[in-house]
């Protein structure tokens with residue numbers, strides 16, 4: 001028996017997109033209709049958590065006999081076995097890549113030191129198992145002020161040829177991805193972007209719609225660390241949700257992609273090559289800016305209903321200086337992520353509450369284990385105005 005999500009026919013592609021981005025869709029079972037043909041049963045893979053986050057938690061899980069997909073190609077580990085042999089595959093079994101991230105036609109994966117000698121075989125196996133992929137990049141961690149991944153091209157598909165290692169001359173890394181019907185232009189080599197945060201972005205947009213209903217009109221959204229703008233894609237593309245928008249980042253390359261995206265989403269004339277912090281059209285600001293400077297600008301103080309702080313390792317550092325941006329006279333919302341020790345959760349919740357108006361609700365929900373004693377958490381702060 002295998003867990004399947006029971007999804008209405010109208011939501012199937014929406015759910016599949018999320019599962020693929022998270023690496024939670026089964027690789028060897030088929031999506032099939034329910035008995036009464038009203039729903040589709042989507043098989044979940046072994047990496048899928050038992051408790052699904054929003055919005056996937058809206059769909060019931062059914063234990064069903066899986067339908068094998070005979071159309072599937074061999075998975076990458078089967079191909080790898082053919083290249084290095086069963087004995088070697090078994091010897092290093094704990095160290096082979098357990099997950100990967102797909103961004104457009106690019107796969108990004110981490111390779112443990114114990115199996116780096118096989119990185120060409122691994123990346124070639126990935127391309128052979130995934131014919132729609134064009135590039136495999138090794139993720140060597142996030143580095144620098146701009147939070148850019150340190151990547152190394154391992155394999156590139158060029159026509160019918162697969163180029164490996166030193167045979168790779170140049171890699172085109174700018175791609176378009178789709179999240180909930182929104183096109184997002186990104187470049188994982190020059191600006192941080194992760195498809196795995198899509199569920200958090202959808203959750204933020206759902207919370208923003210509730211906030212709009214509380215306030216009674218469109219909301220003002222500030223995202224001072226927005227990168228290429230993936231969180232904003234879900235917000236500005238929901239009708240009647242966003243009034244004013246502040247979108248900034250320190251990385252000039254991210255801002256160029258951000259402005260390209262904003263121009264597409266808002267239909268406003270925004271020059272992607274202008275990276276200076278600019279007020280474009282009455283109620284839209286974007287550009288390179290140190291977040292410390294934003295509250296110092298009089299026209300930006302006290303007007304924002306939703307603040308996004310997507311800096312997990314420094315959420316609590318950035319929250320206090322950015323609070324002057326908020327309009328606490330009305331209901332408000334602050335969304336972000338936080339890395340902290342499990343034992344510190346209550347203390348952090350209390351210290352955040354002390355910074356806010358008395359009518360605030362602070363929720364810190366652990367999402368994933370960052371390490372045995374450290375959690376990656378989703379933060380939601382609501383004030384009632």
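Multiplying the residue separation of residue 69 and residue 116 by 0.36 nm and removing their Cα-Cα distance gives an extension gain of 13.8 nm. Of interest is the spacing of the C-alpha centroids, which for segment 331-376 and segment 29-81 amounts to 33 Å. The calculated pair-distance distribution of segment 218-347 uses every alpha carbon pair, bins of 5 angstrom beginning at 0, and gives 2, 10, 22, 24, 20, 13, 5, 2, 1, 0 percent.
Each label point was placed 7 Å from the Cα along the Cα-to-Cβ direction; for residue 92 and residue 283 their separation is 5.6 nm. Against the chain, whose longest principal axis is taken from its Cα atoms, helix 198-215 shows a tilt of about 30°.
Relative to the current alpha-carbon distance between residue 274 and residue 35, full extension at 0.36 nm per residue lengthens the span by 80.5 nm. Place a point 7 Å from the Cα of residue 353 along the Cα-to-Cβ direction; which residues of segment 361-385 have their backbone N under 12 Å from it? Zone members listed by number: 361-364.
Distance between the modelled labels on residue 298 and residue 267, one decimal in nanometres: 3.5 nm (7 Å Cα→Cβ projection). Between the Cα long axis of helix 252-266 and the first principal axis of the chain there is an angle of about 80°, rounded to the nearest 10.
Take the Cβ atoms of residue 20 and residue 217, set R0 to 30 Å, and the FRET efficiency comes out at 0.25. Largest GNM mean-square fluctuation among 371, 125, 77, using the chain with Cα springs under 10 Å: 371. Its DSSP H runs of at least 4 residues, each contributing -39,500 (n - 2.57), put the calculated 222 nm mean residue ellipticity of the chain at -7500 deg cm²/dmol, to the nearest 500. Taking every alpha-carbon pair under 8 Å whose residues sit at least 6 apart, the chain reaches a relative contact order of 10 percent.
Dividing the radius of gyration of the alpha carbons in segment 76-173 by their Kirkwood radius gives 0.96 for Rg/Rh.
Counting neighbouring beta carbons within 10 Å and listing from fewest to most, the residues 33, 121 come out as 33, 121.
Between the Cα long axis of helix 119-129 and the first principal axis of the chain there is an angle of about 90°, rounded to the nearest 10.
What fraction of the DSSP beta bridges in the chain is antiparallel, stated in percent and rounded to the nearest 5? Counting DSSP beta bridges with both partners in the chain, the antiparallel share is about 70 percent. In segment 156-288, the DSSP beta bridges split such that about 50 percent are antiparallel, to the nearest 5. The spread of Cα positions in the chain, taken along each principal axis and listed from longest to shortest, comes to 65, 52, 44 Å.
Taking 0.36 nm per residue of separation and subtracting the Cα-Cα distance, full extension of the segment from residue 371 to residue 77 would add 103.2 nm. Ranked for footprinting exposure by Cβ neighbours inside 10 Å, fewest first, 194, 34 give 34, 194.
Of all DSSP beta bridges confined to segment 195-383, the antiparallel ones make up roughly 55%. Once R0 is set to 25 Å, what does the formula 1/(1 + (r/R0)^6) return for the Cβ-Cβ distance between residue 174 and residue 152, expressed as a FRET efficiency to the nearest 0.05? With a Förster radius of 25 Å, E is 0.90.
Bear in mind these aren't lab numbers, they're just calculated from the coordinates by the rules spelled out. Note that this is a predicted model, so its numbers are computed, not measured. Every residue, glycine among them, receives a Cβ derived from its backbone with ideal geometry; neighbour counts consider all protein chains shown.
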